[in-house]
Structures are given as C-alpha cells and as structure tokens.
Amino acid sequence: MEHDSQTQQADTRARILHAAVEVFANRSFESATLKEITEAAGANIAAVNYYFRSKDELIRQVMASLLGRMTRARDVALTAYEKSVANDGKPGLEPLLDALIRPMVQLGLANPHGAANISLLMQARVSPAVPADLSSAEDDTIHERFIGALTRLLPQLSRKEIIWRYDCARGAMVFVLADVSPNIRQIVRLADTARQADEETIVRELIAFISQGFLASSAGTELAG
C-alpha cells in the first residue's frame with residue numbers, strides 16, 4: 001500500500017509539472033493561474049501547495065527541470081567531443097558547436113513539449129517571475145567548459161570576446177527554434193516550404209551562422225586599427 005501511495009504521489013507531481021509547462025508556455029508565467037494548471041493536470045490546488053508550496057516554487061521547479069535536462073544533454077555531448085579531441089588531437093569548431101547546439105534543438109523539437117520548452121526559455125530571459133538565481137552550479141560549469149574549449153580553439157579572441165559571442169550564439173538558437181515552432185513557423189513560410197524544418201537542417205544552419213561569428217576578426221583589433 002505504501003508503494004502504491006508513493007507511486008500515486010509521484011504521478012500527481014509529474015502531471016502538475018507537465019501541465020505547468022504547457023500552461024506557462026501558453027499563458028505566460030505572470031498570467032497563468034494555479035487553477036488553470038491544476039485543471040489541466042486533473043489535480044487540485046491542495047496538491048500544488050503540498051508538492052510545490054507556491055506558484056513561485058512551481059515556476060522554479062519547471063525551469064530547473066528544463067535547464068537541467070539541457071545541461072545534462074550538453075554535458076554528454078561536450079564530454080564526447082573532449083574524448084574525441086583527446087584521442088585524435090584534432091579539435092574543431094564545428095563539432096564543438098554541434099555539442100552546444102544539438103541538445104537545444106532536440107529539446108525544442110521534442111514531443112510533446114518542444115514548442116513549450118522554447119517558449120519558456122524565451123520568457124525566462126525577460127520575465128520577473130523567474131528567479132534571478134535560477135542557474136545551478138552545473139549550469140555554470142557547463143558554460144565554463146564550453147567557454148574554455150572555445151578559448152583554446154580560438155586563441156586570437158579574448159575571453160571577453162568569447163563570452164559575448166557565446167551568448168549571441170545561445171540567443172540565436174532560442175530565436176530560430178521559436179521561429180520554426182508549429183505555432184509560428186516563420187522560417188518555414190519564408191523558405192516557401194510546407195514541411196517543418198528538421199533537426200539536421202536547423203543544426204546545420206545554426207552551425208554555419210554561429211561559426212562565422214566566432215571566426216570573425218577580433219572587434220578590439222578592428223577598432224584599434
């Protein structure tokens with residue numbers, strides 16, 4: 001009986017989290033209500049209070065879960081890149097960018113919450129409802145590992161320039177994934193195709209664009225000249 005109770009509790013908590021992803025994505029963190037979320041989850045307000053204590057904590061848990069999945073996927077991809085470099089001694093910008101880009105593209109194309117995931121990431125950039133201290137030590141570590149790998153690969157750029165271009169790359173990924181989501185499909189319309197852009201196309205185009213940003217001359221050098 002105790003096992004059944006624990007299973008039921010875990011199921012209720014998961015249903016609330018899944019419902020919150022879609023409701024927050026569609027209604028925004030500020031506008032969404034706990035009543036809307038619990039109705040979508042088939043639960044009651046008391047369940048939210050029991051598992052999450054408040055709407056603010058529910059937002060934190062939703063975003064922590066989302067960012068955690070992306071960080072873990074990037075850790076796997078970056079570790080594979082680092083092992084490849086260690087084995088053959090041939091670092092490359094494109095495979096490194098693939099390790100950065102592909103996990104987010106997969107997160108944005110995943111069913112059933114792909115479009116919702118990207119909506120939440122975009123909201124998180126500007127919404128006052130999202131905690132300012134949301135980033136975990138794991139998030140900071142993965143960013144530092146990518147920045148370190150890029151710095152070793154592109155010694156002509158300063159750390160400051162690497163960080164600027166890294167952040168521009170992250171922004172480009174989110175914006176493009178928002179544009180190819182089913183409810184917007186801006187890129188699909190402009191490209192005059194009836195088919196949703198697939199993972200390989202998005203990854204390839206992002207790598208082509210972002211790699212040129214990293215390979216561009218140092219802004220400081222150009223200004224000095």
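The values are calculated or read from the model by the stated rules, or taken from the named source; none is laboratory data. What you see is a predicted model, and the numbers here were worked out from it, not measured in a lab. Here the Cβ is made from the backbone with ideal geometry for all residues, glycine too, and neighbour counts use every protein chain on show. The accessibility values were calculated without ligands, DNA or RNA, using every heavy atom of the protein model including side chains. Shrake-Rupley method; radii C 1.70, N 1.55, O 1.52, S 1.80 Å.
Among residues of region 23-38 being more than 13 Å from ALA116 (Cβ to Cβ) and outside any helix (DSSP H, G or I), the one that is most open to solvent (accessible area, probe 1.4 Å) is GLU30.
Residue pairs, Cβ under 9 Å, 6 or more apart or interchain, first in region 200-218 and assigned to a helix (DSSP H, G or I), second open to solvent by 70 Å² or more (accessible area, probe 1.4 Å) and modelled with pLDDT of 95 or more. List them. From region 200-218, the pairs are ILE207/GLU94; ALA208/GLU94; ILE210/CYS168; SER211/GLU94; GLY213/CYS168. Scanning region 142-160 for residues that are over 15 Å from the mean Cα position of the chain (by Cα) and open to solvent by 30 Å² or more (accessible area, probe 1.4 Å) yields GLU144, ARG145, THR151, ARG152, LEU153, PRO155, GLN156, SER158, ARG159, LYS160.
Can you work out which of the residues in region 116-135 that are among the small types (Gly, Ala, Ser) and open to solvent by 40 Å² or more (accessible area, probe 1.4 Å) is farthest from MET63 (Cα to Cα)? So that I can check it myself, show each step before the final result.
Filtering region 116-135 down to residues among the small types (Gly, Ala, Ser) leaves 116, 119, 124, 127, 129, 132, 135.
Filter once more, keeping what is open to solvent by 40 Å² or more (accessible area, probe 1.4 Å): 132, 135.
Details: ALA132: 12, SER135: 9 Å.
Residue satisfying both the conditions and the ranking: ALA132.
Scan region 84-91 and give yes if some residue there is in contact with a helix residue (DSSP H, G or I) (Cβ under 6 Å, 6 or more places away or on another chain), open to solvent by 40 Å² or more (accessible area, probe 1.4 Å), in a helix (DSSP H, G or I) and modelled with pLDDT under 95, otherwise no. Quick ask: steps written out before the conclusion?
Kept after step one, since they are in contact with a helix residue (DSSP H, G or I) (Cβ under 6 Å, 6 or more places away or on another chain), are these residues of region 84-91: 91.
Retained after the next criterion (residues that are open to solvent by 40 Å² or more (accessible area, probe 1.4 Å)): 91.
Those still in the list that are in a helix (DSSP H, G or I) too: none.
No: region 84-91 contains no residue that is in contact with a helix residue (DSSP H, G or I) (Cβ under 6 Å, 6 or more places away or on another chain), open to solvent by 40 Å² or more (accessible area, probe 1.4 Å), in a helix (DSSP H, G or I) and modelled with pLDDT under 95.
Residues of region 97-115 that are open to solvent by 30 Å² or more (accessible area, probe 1.4 Å) and in contact (Cβ under 8 Å) with a residue 24 or more places away in the chain: ASP98, ARG102, GLN106, LEU109, HIS113, ALA115.
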